[in-house]
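Encoded as structure tokens, the structure appears first; notes follow it.
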Amino acid sequence: MRINPHRQFGVRECPSCGSHVPANSNHCPLCRNELLNPTPARRNVKILGAVLLLALLALMLISGALR
């Protein structure tokens, strides 16, 4: 596999300071904020949290409608 050292990567926005950071960088060059890459496990935790929050909201709406 050849790696081209001159290849341009995309950019992403630092959630801390809003600066543009190369997509292959792990830290923001300005504020040194650590940029984490989402893993499948982290993505699944976010989805599970969203589902639980929606279930709680639905339960609250249903219990309020029954009163």
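The values are calculated or read from the model by the stated rules, or taken from the named source; none is laboratory data. Model, not experiment: these values are computed from the prediction. Neighbour counts are summed over all protein chains in view; Cβ atoms, including those assigned to glycine, are modelled from backbone coordinates with ideal geometry.
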**Item:** Residue within segment 40-53 that is surrounded by fewer than 10 Cβ atoms within 10 Å (Cβ to Cβ), modelled with pLDDT under 90 and part of a loop (DSSP other than H, G, I, E, B) present
**Value:** no
**Asked** If you go through segment 2-39 one residue at a time, how many are of a type in the set (Val, Ile, Thr) and surrounded by 10 or more Cβ atoms within 10 Å (Cβ to Cβ)?
**Response** 2
